[in-house]
């Protein structure tokens, strides 16, 4: 099916992604033959989903990244893919990396480095490989009178987490706009996996779901040539509530991807990557800007180093990580205080290192009945000798000295 025909058939597709029959679609105002419509050709969609999809994973030596096309089924869970299974390009789909000045075609080695070429830090460090996926060749129609638009693409990308221990496919996205609201749907398929049981690996039937809601799309901008330089929107995430999962709904980064997408990810075993779960990487799950362009394949729209949306999430700096102090728990019976002994001096307070203002997760300091293994700052009654001990000791030494002094013998009568 051609992209133009697919676009016409899906003009009235709702957020659930249910297509209308062809006869009904022809009556919609988005029909390409209508005199009020403008045809769109060769539109490129660019999206990186979120920062977490370009992050280092928690399992040792594993990463989250994209692969163009459909990677082969490994046949079982708990496995990672190698270079031979990964692809930076497949048909109209290409994986690209921001190198600090422009988008470049991705490399296998670049999946593990920042834009500057440095190795990615820990999963909570806030350093990302900064990759996006582009799907070119999108066709569609815009009806500025009716305020509607439809653009469809053909292509597939694989989203891999933990270097492939869990992954899913996104195929043939369609963007529909009505009343200033855009809905991006795609066909999702993959394999059910489990973090608790890596042996779980079962195919999941494909279904069309909403992957992004765009709350403010001006249809006129799609038809007036603005696509030549690129148009960008940040999908709804912050403040979005979903059901069926243990979502953390309080906090600066509370939110979620659309409900149908989270439901699909829940069946695949990776739902927690797409909503605020209260984890240390919640800030990285916020949806990234999505860009459409008909111009040259350059740096259009927001870049990883220059977010333009007021709700953009700033990349946090690596939090200060300190080794835990050595502690010991002991029961100590305090000696009876001597009347002549001075009161004990207070122990010097142990300095507390507070969390960095840019730390990902807050640090809570809890007072416990443990003490650091360090010398006391001042002597306590138990440490300082009692003055009476000195008196007794002096008398004992004097007695010994007297015994050692030679005594002159007297003459006996």
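Observations, loosely collected:
- Rg in Å to one decimal, and Dmax rounded to a whole Å, for segment 35-89 via C-alpha atoms: 17.0, 58
- Binned Cα-Cα distances of segment 68-118, short to long, each 5 Å bin given as a whole percent: 4, 18, 24, 20, 17, 11, 4, 1
- Put in order of Cβ neighbour count within 10 Å, fewest first, the listed residues 291, 144, 107 become 107, 144, 291.
- 253, 169 arranged by Cβ crowding within 10 Å, fewest neighbours leading: 253, 169
- Counting all C-alpha pairs of segment 87-220, share separated by more than 26 Å (%): 40 percent
- As a rough footprinting exposure proxy, the listed residues 211, 145, 200 were ranked by other beta carbons within 10 Å of their own, and the order from fewest upward is 145, 200, 211.
- Across all C-alpha atoms in segment 162-296, the radius of gyration and Dmax reach 16.3, 52 Å.
- With all projection directions averaged, the alpha carbon convex hull of segment 142-186 covers 3.6 nm².
No lab work stands behind these numbers, since they all come straight from the coordinates. These numbers come from a predicted model, not from an experiment. No Cβ is skipped: glycine too gets one built from the backbone with ideal geometry, and neighbour counts run over all protein chains shown.
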